[in-house]
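Undergrad: Quick one: structure below, then a few questions.
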Amino acid sequence: MQKLQLTLAIIKPHAVKNPVALSFIRNVIKNKFIVIKTKRVSLDKEAAGKFYSEHVGKFFYNRLVTFMTSGSVDLHIMGHCNAIELWRRMLGPTSVYKGQFQEPYCLRGMFGISDTRNVAHGSDSPPSAEREIKFFFPEFSFYQWHNGHEVLYRKGPIIFNDHLFEHVRKL
Ligand code: ADP
Ligand code: MG
(Lines give C-alpha, C1' and ligand atoms only; values in the text may rest on other atoms or scores of the structure.)
(Ligands and ions follow the chains in the order given, each with its own letter.)
Protein backbone atom coordinates (compact mmCIF):
# COMPACT_ATOMS: atom_id res chain seq x y z
CA MET A 1 0.00 0.00 0.00
CA GLN A 2 1.25 3.46 -0.94
CA LYS A 3 2.00 6.15 1.63
CA LEU A 4 -0.98 7.99 3.05
CA GLN A 5 -1.48 11.49 1.71
CA LEU A 6 -3.32 13.95 3.94
CA THR A 7 -6.05 16.38 3.02
CA LEU A 8 -8.24 18.79 4.95
CA ALA A 9 -12.01 18.58 4.70
CA ILE A 10 -14.23 21.30 6.07
CA ILE A 11 -17.91 20.48 6.28
CA LYS A 12 -19.58 23.85 5.81
CA PRO A 13 -22.24 25.27 8.17
CA HIS A 14 -25.39 24.41 6.19
CA ALA A 15 -24.30 20.76 5.91
CA VAL A 16 -23.37 20.52 9.60
CA LYS A 17 -26.87 21.81 10.42
CA ASN A 18 -28.59 19.25 8.15
CA PRO A 19 -28.65 15.85 9.91
CA VAL A 20 -29.42 13.89 6.74
CA ALA A 21 -26.57 15.49 4.82
CA LEU A 22 -24.16 15.24 7.72
CA SER A 23 -24.75 11.56 8.41
CA PHE A 24 -24.43 10.70 4.71
CA ILE A 25 -21.20 12.69 4.38
CA ARG A 26 -19.77 11.20 7.56
CA ASN A 27 -20.49 7.71 6.32
CA VAL A 28 -18.69 8.21 3.05
CA ILE A 29 -15.77 9.85 4.84
CA LYS A 30 -15.25 7.08 7.34
CA ASN A 31 -15.63 4.38 4.71
CA LYS A 32 -13.22 5.89 2.17
CA PHE A 33 -10.61 7.62 4.31
CA ILE A 34 -8.62 7.11 7.45
CA VAL A 35 -9.81 9.93 9.68
CA ILE A 36 -6.78 11.19 11.57
CA LYS A 37 -8.21 14.17 13.46
CA THR A 38 -11.63 15.75 13.77
CA LYS A 39 -12.83 18.88 15.46
CA ARG A 40 -15.88 21.10 15.36
CA VAL A 41 -15.25 24.84 15.57
CA SER A 42 -17.04 28.13 15.01
CA LEU A 43 -14.98 30.42 12.84
CA ASP A 44 -14.88 34.14 13.43
CA LYS A 45 -14.60 36.62 10.56
CA GLU A 46 -10.87 36.96 11.05
CA ALA A 47 -10.17 33.21 10.79
CA ALA A 48 -12.55 32.65 7.87
CA GLY A 49 -11.21 35.73 6.08
CA LYS A 50 -7.63 34.59 6.54
CA PHE A 51 -8.36 31.01 5.49
CA TYR A 52 -9.89 32.26 2.24
CA SER A 53 -7.37 35.07 1.70
CA GLU A 54 -6.62 33.82 -1.85
CA HIS A 55 -10.13 35.02 -2.74
CA VAL A 56 -9.85 38.58 -1.36
CA GLY A 57 -11.32 41.00 -3.89
CA LYS A 58 -13.55 38.45 -5.65
CA PHE A 59 -17.25 39.22 -5.79
CA PHE A 60 -18.14 36.27 -3.56
CA TYR A 61 -15.51 36.87 -0.85
CA ASN A 62 -17.73 38.72 1.63
CA ARG A 63 -20.63 36.33 1.27
CA LEU A 64 -18.24 33.39 1.62
CA VAL A 65 -16.80 34.75 4.88
CA THR A 66 -20.28 35.59 6.22
CA PHE A 67 -21.51 32.12 5.35
CA MET A 68 -18.51 30.34 6.88
CA THR A 69 -19.13 32.18 10.15
CA SER A 70 -22.87 31.42 10.19
CA GLY A 71 -22.55 28.20 12.19
CA SER A 72 -20.17 25.46 13.25
CA VAL A 73 -17.94 23.72 10.76
CA ASP A 74 -16.47 20.23 11.07
CA LEU A 75 -12.76 19.91 10.31
CA HIS A 76 -11.28 16.55 9.35
CA ILE A 77 -7.69 15.62 8.61
CA MET A 78 -8.12 12.62 6.31
CA GLY A 79 -5.62 10.12 4.99
CA HIS A 80 -5.70 8.04 1.80
CA CYS A 81 -3.05 7.20 -0.81
CA ASN A 82 -4.81 9.69 -3.11
CA ALA A 83 -6.62 11.79 -0.48
CA ILE A 84 -6.57 15.19 -2.16
CA GLU A 85 -7.86 14.14 -5.55
CA LEU A 86 -10.30 11.56 -4.16
CA TRP A 87 -11.99 14.01 -1.79
CA ARG A 88 -12.28 16.71 -4.44
CA ARG A 89 -13.69 14.15 -6.86
CA MET A 90 -16.25 13.05 -4.28
CA LEU A 91 -17.20 16.70 -3.75
CA GLY A 92 -17.64 17.39 -7.45
CA PRO A 93 -17.44 20.78 -9.16
CA THR A 94 -17.24 24.01 -7.14
CA SER A 95 -20.51 25.04 -8.76
CA VAL A 96 -23.40 23.10 -7.24
CA TYR A 97 -25.53 23.67 -10.33
CA LYS A 98 -22.84 22.23 -12.55
CA GLY A 99 -22.57 19.27 -10.18
CA GLN A 100 -26.31 18.64 -10.21
CA PHE A 101 -26.23 18.61 -13.99
CA GLN A 102 -22.98 16.76 -14.68
CA GLU A 103 -22.49 14.48 -11.68
CA PRO A 104 -25.75 14.21 -9.74
CA TYR A 105 -24.24 11.80 -7.19
CA CYS A 106 -21.36 14.03 -6.12
CA LEU A 107 -21.73 15.45 -2.60
CA ARG A 108 -22.08 19.02 -3.84
CA GLY A 109 -24.71 17.95 -6.36
CA MET A 110 -26.67 16.08 -3.71
CA PHE A 111 -26.44 18.47 -0.77
CA GLY A 112 -25.31 21.84 -2.11
CA ILE A 113 -27.77 24.71 -2.05
CA SER A 114 -25.92 27.50 -3.86
CA ASP A 115 -22.53 28.28 -5.35
CA THR A 116 -21.39 29.50 -1.93
CA ARG A 117 -23.15 26.86 0.16
CA ASN A 118 -21.50 23.98 -1.62
CA VAL A 119 -21.24 21.46 1.24
CA ALA A 120 -17.55 21.13 1.94
CA HIS A 121 -14.02 22.26 1.30
CA GLY A 122 -11.15 20.10 0.08
CA SER A 123 -7.48 21.06 -0.19
CA ASP A 124 -6.40 21.42 -3.80
CA SER A 125 -2.71 20.37 -3.64
CA PRO A 126 -0.18 18.90 -1.19
CA PRO A 127 1.23 22.34 -0.20
CA SER A 128 -2.33 23.68 0.34
CA ALA A 129 -3.20 20.63 2.43
CA GLU A 130 -0.16 21.17 4.66
CA ARG A 131 -0.82 24.91 5.01
CA GLU A 132 -4.52 24.38 5.75
CA ILE A 133 -3.93 21.59 8.27
CA LYS A 134 -1.39 23.80 10.07
CA PHE A 135 -3.88 26.66 10.03
CA PHE A 136 -6.60 24.70 11.83
CA PHE A 137 -4.52 22.10 13.68
CA PRO A 138 -1.39 23.94 14.83
CA GLU A 139 -0.81 21.13 17.34
CA PHE A 140 -0.60 18.49 14.58
CA SER A 141 3.00 17.41 14.07
CA PHE A 142 3.97 16.71 10.48
CA TYR A 143 7.31 15.57 11.82
CA GLN A 144 5.64 12.83 13.87
CA TRP A 145 3.31 12.03 11.01
CA HIS A 146 6.16 11.39 8.58
CA ASN A 147 8.39 9.72 11.15
CA GLY A 148 6.14 7.05 12.57
CA HIS A 149 2.43 7.77 12.70
CA GLU A 150 1.82 7.49 8.96
CA VAL A 151 3.08 3.91 8.82
CA LEU A 152 1.11 2.95 11.94
CA TYR A 153 -2.15 4.16 10.43
CA ARG A 154 -1.30 2.62 7.06
CA LYS A 155 -0.39 -0.80 8.37
CA GLY A 156 -2.87 -0.91 11.22
CA PRO A 157 -4.62 -2.41 12.94
CA ILE A 158 -6.92 0.56 13.42
CA ILE A 159 -10.50 0.86 14.55
CA PHE A 160 -13.01 3.65 14.13
CA ASN A 161 -13.98 5.57 17.26
CA ASP A 162 -17.49 6.89 16.61
CA HIS A 163 -17.41 9.29 19.51
CA LEU A 164 -14.21 11.00 18.36
CA PHE A 165 -15.08 10.45 14.71
CA GLU A 166 -11.46 9.36 14.25
CA HIS A 167 -9.64 6.18 13.42
CA VAL A 168 -7.41 5.15 16.27
CA ARG A 169 -4.76 2.50 16.61
CA LYS A 170 -6.02 -0.74 18.05
CA LEU A 171 -3.72 -1.41 20.98
P1 ADP B 1 -13.21 25.07 -4.25
O2 ADP B 1 -13.90 25.11 -2.87
O3 ADP B 1 -13.88 24.09 -5.15
O4 ADP B 1 -11.72 24.87 -4.12
P5 ADP B 1 -12.68 27.88 -4.80
O6 ADP B 1 -11.40 27.71 -4.05
O7 ADP B 1 -12.61 28.48 -6.17
O8 ADP B 1 -13.46 26.48 -4.92
O9 ADP B 1 -13.68 28.80 -3.97
C10 ADP B 1 -13.75 28.71 -2.57
C11 ADP B 1 -15.20 28.75 -2.16
O12 ADP B 1 -15.77 30.01 -2.51
C13 ADP B 1 -16.11 27.73 -2.86
O14 ADP B 1 -16.06 26.45 -2.29
C15 ADP B 1 -17.48 28.39 -2.70
O16 ADP B 1 -17.99 28.22 -1.38
C17 ADP B 1 -17.13 29.86 -2.89
N18 ADP B 1 -17.29 30.25 -4.30
C19 ADP B 1 -16.43 29.98 -5.31
N20 ADP B 1 -16.88 30.45 -6.49
C21 ADP B 1 -18.06 31.06 -6.22
C22 ADP B 1 -19.04 31.75 -7.01
N23 ADP B 1 -18.88 31.91 -8.33
N24 ADP B 1 -20.15 32.23 -6.40
C25 ADP B 1 -20.33 32.08 -5.08
N26 ADP B 1 -19.44 31.45 -4.25
C27 ADP B 1 -18.32 30.92 -4.81
MG1 MG C 1 -10.26 26.13 -3.28
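The values are calculated or read from the model by the stated rules, or taken from the named source; none is laboratory data. Keep in mind it's a predicted model, so treat the numbers as computed, not measured. Glycine gets a Cβ as well: all are built from the backbone with ideal geometry, and neighbour counts include every protein chain shown. In case anyone asks, the SASA skips ligands and DNA or RNA and just uses the protein heavy atoms, side chains included. Shrake-Rupley method; radii C 1.70, N 1.55, O 1.52, S 1.80 Å.
Undergrad: Tell me, please, whether a residue that is at positive phi and either polar (S, T, N, Q) or free of Cβ contacts under 8 Å to residues at least 40 places away in the same chain (or both) can be found in the stretch 157-169.
TA: no
Undergrad: A follow-up question, please. Go through the stretch 36-88 and count every residue that is under 30 Å from residue 160 (Cα atoms), loosely packed, with under 13 Cβ neighbours inside 10 Å and within 16 Å of ligand 2 (Cβ to nearest atom).
TA: 0
Undergrad: Only residues that are open to solvent by 30 Å² or more (accessible area, probe 1.4 Å), outside any loop (DSSP other than H, G, I, E, B) and either under 17 Å from residue 4 (Cβ atoms) or of a type in the set (S, T, N, Q) (or both): list them for the stretch 129-141, please.
TA: Residue satisfying the conditions is 130 alone.
Undergrad: Tell me, yes or no, whether the stretch 99-115 has at least one residue that is closer than 23 Å to residue 72 by Cα and acidic (Asp, Glu).
TA: yes
Undergrad: Right, something else. Which residue is nearest to ligand 1 (Cβ to nearest atom), if the candidates are limited to the stretch 50-99 and must be among the polar types (S, T, N, Q) and either closer than 24 Å to residue 140 by Cα or modelled with pLDDT under 95 (or both)?
TA: Once the filter is applied, the top-ranked residue is 53.
Undergrad: Hey, can you tell me all the residues within the stretch 115-127 that are open to solvent by less than 40 Å² (accessible area, probe 1.4 Å), over 12 Å from the mean Cα position of the chain (by Cα) and more than 7 Å from ligand 1 (Cβ to nearest atom)?
TA: 125
Undergrad: Spot the failing condition for residue 104; the list is (1) modelled with pLDDT of 95 or more; (2) more than 16 Å from ligand 2 (Cβ to nearest atom); (3) within 26 Å of residue 21 (Cα to Cα), and only one is missed.
TA: Residue 104 satisfies every listed condition except (1).
Undergrad: May I pose another question? Which residues, taken from the stretch 151-171, are over 24 Å from residue 11 (Cα atoms) and assigned to a helix (DSSP H, G or I)?
TA: Passing the criteria: 151, 152, 154, 155.
Undergrad: Can you tell me how many residues in the stretch 118-130 are more than 12 Å from ligand 2 (Cβ to nearest atom) and within 20 Å of residue 65 (Cα to Cα)?
TA: 1
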